[in-house]
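Everything on this sheet refers to the single structure shown next.
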Amino acid sequence: MKILLVSAAALIDVDGRVLLSQRQQGKNMAGLWEFPGGKVENKESPEIALIRELEEELGILTWGSCLAPLSFASHPYKNFHLLMPLFVCRKWEGIPMPREGQKLNWVYPQDLKNYKMPPADLPLIPILRDWL
């Protein structure tokens with residue numbers, strides 16, 4: 001089975017909220033909420049891919065030194081196995097804006113359970129809630 005490497009960020013604002021992004025219509029798992037990020041391309045590290053994805057998706061700039069690895073997801077889907085490191089990021093430049101038509105929402109950690117998320121993301125919720 002093919003392994004798909006995706007890098008994701010738990011962006012934490014000054015109020016301790018986490019940014020979630022809603023998958024757009026027409027995409028796999030449309031309507032579900034997820035942590036911003038995306039596929040790691042050939043010759044990219046997970047950190048470099050995440051910095052690129054955050055700029056493309058949200059228009060923000062961050063640095064590798066501001067990405068702290070927290071946990072990872074490993075989940076089998078029908079056509080691939082997802083491996084997703086989750087980084088915590090508290091420092092970036094710019095204001096996160098939906099650059100790809102997605103909806104964004106800042107959510108308190110204890111409320112993450114109220115959002116429908118992809119199966120791979122679900123085990124990350126209690127980790128974030130307990131850590132924050």
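No value in this document is a laboratory result; all are computed from the given coordinates. Here the structure is a predicted model, which means the values were calculated and not measured. So basically every Cβ, Gly included, is an ideal-geometry build from the backbone, and we count neighbours across all protein chains shown.
List of remarks:
- Legend: ranking of residues M29, M117 from fewest to most surrounding C-beta atoms inside 10 Å; resulting order M29, M117.
- For the chain, built as a Gaussian network whose Cα springs stay under 10 Å, the top-fluctuating residue of A30, A120, A73: A30
- FRET efficiency estimate (nearest 0.05) - Cβ-Cβ, S71 to R99, R0 22 angstrom: 0.25
- Neighbourhood net charge (10 Å Cβ-Cβ; Lys/Arg +1, Asp/Glu -1) for P109: +1
- Share, in percent, of DSSP beta bridges within the range 3-131 that are antiparallel, nearest 5: 75 percent
- Using only side-chain charges placed at the Cβ, +1 for Lys and Arg and -1 for Asp and Glu, the dipole size of the range 3-131 relative to its Cα centre rounds to 360 debye.
- Spacing of the two label points (7 Å from each Cα toward its C-beta) at W63 and I127, in nm: 2.6 nm
- Rounded if a/c under 1.5, otherwise prolate or oblate - the range 1-126, Cα gyration tensor axes: rounded
- If R0 is taken as 22 Å, the Cβ-Cβ distance between K39 and D111 corresponds to a FRET efficiency of 0.20.
- Range in the chain, longest, excluding exposed trypsin sites (Lys or Arg not before Pro) [loop by DSSP; at most 14 other beta-carbon atoms within 10 Å]: 44-77
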